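**Q** Please see the structure below; I have some questions.
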Amino acid sequence: MARPLPLFKPTLVALALAGAFSLAGCGGGDGDSSASAATPPAGNGGSGGGGGSGGSGGGSATVRMNGTFLDSAVEGLAYRAASGSGTTDAQGQFSCVQGETVAFSLGGVALGQAACGSVLTPLDLAGTADSTDAKVVNRLQLLQSLDEDGDPANGIRITAASAQALAGKSIDLAQAGDAFGSALAALLPAANDARGLPYNLRDTSGTARQLAREHFENTLATALAKPITSTVADGVAGAVQYTKYVVQADARFFVPYEGDNAAVKRDFPQGFYPAAGSGLAFKGRAADGSLQFYGVTDRGPNGDGPTAPTPADTTKTGASKVFPAPSFVPSLGLFSVGKGGAVLQSLTPLSVSDTVKASGRPLQSGVGATMETPLTDRLVYDAAKAGFDANGIDPESVVVDEARKALWISDEYGPFIAKVDPATGRILKKYQPGTGAADLPLVLSKRRANRGMEGLTLDKSSGVLHGFLQSPIDDGKATLAATGKSEKVQNYARFLRWVAFDPATETSRLYALPVDAALYKDGKTGNAKMGDLAWLGGSRFMAVEQGAGPDGKVFNWLVLIEIPTNATDITAWGSDLEKSSMSGKAVNGADFSTVVTLRKTRLLDLNAAGWVAEKAEGLAVVDANTVALMNDNDFGLRSILVDANGKEVAGSLEDCTVNAQGQIVAGCPAGTAGARVAPGVASERPVRLWLIKFPQALTSYKMPQ
């Protein structure tokens, strides 16, 4: 059974440190004998294999202390010192006498030794302060690969059976990464873990190593207030500094699972991770100097769904989404970044009145409808529990408007732009595409499902909001000049729509943001997925551009965007302009060749700095040189297919068709007996918050001539 979150909190380490230092003060030692995570232990020079005693400084008292072993807290490590031996407990604690050396092991695998101290980490056992050293990362990967539930964020628990399976075995902890990964795969036990999956099928690739290090470095930041800042040279941006965090969230913020699937309950014992990284806005500095950010969730825990009967006419079928927590209310998040790392401090549900809360479920008809049927995780439509909702909203960005004492949110359903009271979460006003004087341009309603208004920001000098659709609109087909074939507009239009909305006059302008087809898989601009947007000053902006590249791998960039003084307002043209961009000819008077588009250039390659999450969705300016970046982890879940024994079957639920009773009737791979939500892939589960400091002022970056 998967254990509940959280088993490890920074406060536990603080208590352990306090206890250790008070004991040390009574011993008459030579000062600080603790082996901190970033400083080699006194007495052995930081050598993981050394035998130095650490010394007692001449004090005669024997001082026994409780230390803590951290990757996160590691339970199940065997330790041995001259004064005794044992196994680390659920808080990672071990006992030793100040001045002696403690050795750690798992079965026959010797992990190393270090001087007795209040906190020890793999850095100490490897004898280095460098978290990128292969000797350190190898230890991290070994420990995390043996974690009972495969989720080190809630603590690392190594069962006695797993440790025993390593009896008489060994592995070279100093070898290079690829070789170590292969050796580790051969070392891991064949037994099943807490989720019923074999340990020896766990990922031991380079990505797994990167994730192991990411987790550990966040432990240093969270538990020991020692964040790692690295510098990566970029040919365009220069030498950029990155300080990386993984957001910590207390169990009280987790979203309860509302179904009855035993496997889902096992995998999510306290519910789904509160993913409030769909948008990000800098709030300011707190009195203690910590950085404060607003975030926002999207529509809530949901997974890909099958083709299902439409509720209005069950003889017809359409797309669906699975909602395992259908009563979830989209919420504002408040984050703090400081000595305790990055922490979710609060969630404020959105509401439309004193008595009516917003919903994340789709609208059934009219503006904002996506033609997706909301299903429970039994794959059935239940109007009472998970029906359509006219107050549905799928937030994707959040903006601070100090002058109006409000927040602004854009969403993917309408797409809507909503004015929100930051104190209460009340939606004060909502703008939607339409033909009214105060409406957003109607053409925006042609957005693709789940590709609505992903980015929004405020030009503080003018009070105008700027936003964009995530991808080109969806409105029919046109001839593609390159092939002469009729192709979907959503796949090949050469631009996406940018909106400039002035809340003071409730008027809008639209611009064309170009998309380079050569950057994307199969030459399809529809594979482009713009993320968040931030105003830099004047007519320049920073945005996230991402999507599957020609090799099929997702790339994530920060790009610089500029609105030329002569940029063409394209509000008057509907999708004929997109069709003209494809054909190279005027369509019903719309001629893309005459349009002055926005300008865009790559500023920073996030992947080169170690970014692995697919969805970089929150971007905020912190100061003159610094931005913050956050990802959406989709509440840590995904949809999977399963066989009669509950084992995962390769394939996508989107390829399946179900009947009104939720029974699979067609499309699924052979052997499929059902579907459920399960933990997302390891690289997507963490919610990251990066601080990115540029070597020069953000306003100094300009378009190439």
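The values are calculated or read from the model by the stated rules, or taken from the named source; none is laboratory data. Here the structure is a predicted model, which means the values were calculated and not measured. Using ideal geometry, Cβ is built from the backbone for each residue, glycine included, and neighbour counts are taken over all protein chains shown.
**Q** Would you check if there is a residue in segment 123-138 being over 30 Å from Glu614 (Cα atoms), in contact with a helix residue (DSSP H, G or I) (Cβ under 9 Å, 6 or more places away or on another chain) and surrounded by 23 or more Cβ atoms within 10 Å (Cβ to Cβ)?
**A** There is at least one residue in segment 123-138 that is over 30 Å from Glu614 (Cα atoms), in contact with a helix residue (DSSP H, G or I) (Cβ under 9 Å, 6 or more places away or on another chain) and surrounded by 23 or more Cβ atoms within 10 Å (Cβ to Cβ).
**Q** Follow-up. Buried (at least 19 other Cβ atoms within 10 Å of the Cβ), part of a loop (DSSP other than H, G, I, E, B), within 33 Å of the chain's Cα centre (by Cα) and modelled with pLDDT under 95, is that true of Ser36?
**A** Details: buried (at least 19 other Cβ atoms within 10 Å of the Cβ): yes; part of a loop (DSSP other than H, G, I, E, B): yes; within 33 Å of the chain's Cα centre (by Cα): yes; modelled with pLDDT under 95: yes.
Against the criterion (buried (at least 19 other Cβ atoms within 10 Å of the Cβ), part of a loop (DSSP other than H, G, I, E, B), within 33 Å of the chain's Cα centre (by Cα) and modelled with pLDDT under 95), Ser36 qualifies.
**Q** Next question, about the same structure. Under 7 Å by Cβ, and 6 or more places apart or on different chains, what pairs join a residue from segment 428-452 that is assigned by TED's automatic domain parsing to the domain that holds Pro503 and farther than 18 Å from Lys477 by Cα with one that is part of a helix (DSSP H, G or I) and hydroxyl-bearing (Ser, Thr, Tyr)?
**A** Pro433/Ser445
**Q** Here's a follow-up. Give just the number: which of (1) basic (Lys, Arg); (2) closer than 15 Å to Val337 by Cβ; (3) surrounded by fewer than 17 Cβ atoms within 10 Å (Cβ to Cβ); (4) in contact (Cβ under 8 Å) with a residue 24 or more places away in the chain does Lys244 not satisfy?
**A** Among (1) basic (Lys, Arg); (2) closer than 15 Å to Val337 by Cβ; (3) surrounded by fewer than 17 Cβ atoms within 10 Å (Cβ to Cβ); (4) in contact (Cβ under 8 Å) with a residue 24 or more places away in the chain, Lys244 violates only (3).
**Q** Still on this structure: Identify, by number, the condition in (1) without any contact (Cβ under 8 Å) to a residue 24 or more places away in the chain; (2) assigned to a loop (DSSP other than H, G, I, E, B) that Thr315 doesn't meet.
**A** (2)
**Q** Name, by its number, the condition in (1) surrounded by 13 or more Cβ atoms within 10 Å (Cβ to Cβ); (2) part of a loop (DSSP other than H, G, I, E, B); (3) outside the structural domain of Gly295 (by TED's automatic domain parsing) that does not hold for Val236.
**A** The failed condition is (3).
**Q** Now for a separate question. Please determine, by comparing only the residues of segment 486-536 that are farther than 15 Å from Lys579 by Cα, buried (at least 21 other Cβ atoms within 10 Å of the Cβ) and among the hydroxyl-bearing types (Ser, Thr, Tyr), which one is farthest from the chain's Cα centre (by Cα).
**A** The residue in question is Ser508.
**Q** Continuing with this model, one more query. Go through segment 245-285 and give me each residue that's in a loop (DSSP other than H, G, I, E, B) and at positive phi.
**A** Gly271
**Q** How do the strands (runs of 3 or more DSSP E) wholly within segment 587-705 filter down when requiring 1 or more residues that are closer than 25 Å to Pro256 by Cα and at pLDDT 95 or above: which remain?
**A** 616-621, 626-631, 637-642, 674-679, 688-693
**Q** I'd like the full set of residues that are farther than 28 Å from Ala534 by Cβ and either within 35 Å of the chain's Cα centre (by Cα) or buried (at least 18 other Cβ atoms within 10 Å of the Cβ) (or both), limited to segment 557-573.
**A** If the condition is that a residue be farther than 28 Å from Ala534 by Cβ and either within 35 Å of the chain's Cα centre (by Cα) or buried (at least 18 other Cβ atoms within 10 Å of the Cβ) (or both), then no residue fits.
**Q** Go through Gly284, Gly289, Gly277 for me and flag whichever is over 20 Å from Gln364 (Cβ atoms), crowded, with 24+ Cβ neighbours inside 10 Å and touching a strand residue (DSSP E or B) at 6+ places or on another chain (Cβ under 9 Å). Give the steps one after another, and end with the answer.
**A** Details: Gly284 fails: crowded, with 24+ Cβ neighbours inside 10 Å; Gly289 fails: crowded, with 24+ Cβ neighbours inside 10 Å.
Answer to the check: Gly277.
**Q** Now, a different point. Looking at Gly651, Gly674, Gly680, which one is in the same structural domain as Thr314 (by TED's automatic domain parsing), in contact with an Asp or Glu (Cβ under 8 Å, 6 or more places away or on another chain) and of a type outside the set (D, E, K, R)?
**A** Answer to the check: Gly680.
**Q** Sticking with this structure for a sec: Tell me, which strands (runs of 3 or more DSSP E) lie completely within segment 72-115 with 2 or more residues that are surrounded by 22 or more Cβ atoms within 10 Å (Cβ to Cβ)?
**A** 93-97, 101-106, 109-115
**Q** Between a first residue in segment 186-197 that is closer than 15 Å to Gln144 by Cα and outside any loop (DSSP other than H, G, I, E, B) and a second residue that is of a type in the set (D, E, K, R) and at pLDDT 95 or above, which pairs have beta carbons less than 8 Å apart while being 6 or more apart in sequence or on different chains?
**A** Qualifying pairs under 8 Å: Leu187/Lys169.
**Q** Still on this structure: Would you be able to say whether some residue in segment 328-336 is at pLDDT 95 or above, buried (at least 18 other Cβ atoms within 10 Å of the Cβ), touching a Pro at 6+ places or on another chain (Cβ under 7 Å) and more than 19 Å from Asp421 (Cβ to Cβ)?
**A** There is at least one residue in segment 328-336 that is at pLDDT 95 or above, buried (at least 18 other Cβ atoms within 10 Å of the Cβ), touching a Pro at 6+ places or on another chain (Cβ under 7 Å) and more than 19 Å from Asp421 (Cβ to Cβ).
**Q** Find the residue count for segment 396-417, including only residues that are assigned to a strand (DSSP E or B) and either closer than 19 Å to Asn302 by Cβ or without any contact (Cβ under 8 Å) to a residue 40 or more places away in the chain (or both).
**A** 6
**Q** Ok, one more. With the structure loaded, tell me whether Asp439 is within 22 Å of Leu469 (Cβ to Cβ), surrounded by 22 or more Cβ atoms within 10 Å (Cβ to Cβ) and charged (D, E, K, R) or whether it fails that test.
**A** It is false that Asp439 is within 22 Å of Leu469 (Cβ to Cβ), surrounded by 22 or more Cβ atoms within 10 Å (Cβ to Cβ) and charged (D, E, K, R).
**Q** Return yes or no: is Gly662 under 30 Å from Leu558 (Cβ atoms) and either more than 29 Å from the chain's Cα centre (by Cα) or buried (at least 21 other Cβ atoms within 10 Å of the Cβ) (or both)?
**A** Judged against the criteria, Gly662 is not a match.
**Q** Identify all residues within segment 131-178 that are under 18 Å from Pro189 (Cβ atoms), small (Gly, Ala, Ser) and not in a helix (DSSP H, G or I); write none if there are none.
**A** Of everything in segment 131-178, those that are under 18 Å from Pro189 (Cβ atoms), small (Gly, Ala, Ser) and not in a helix (DSSP H, G or I) turn out to be Gly150, Ala165, Ala167, Gly168, Ser170.
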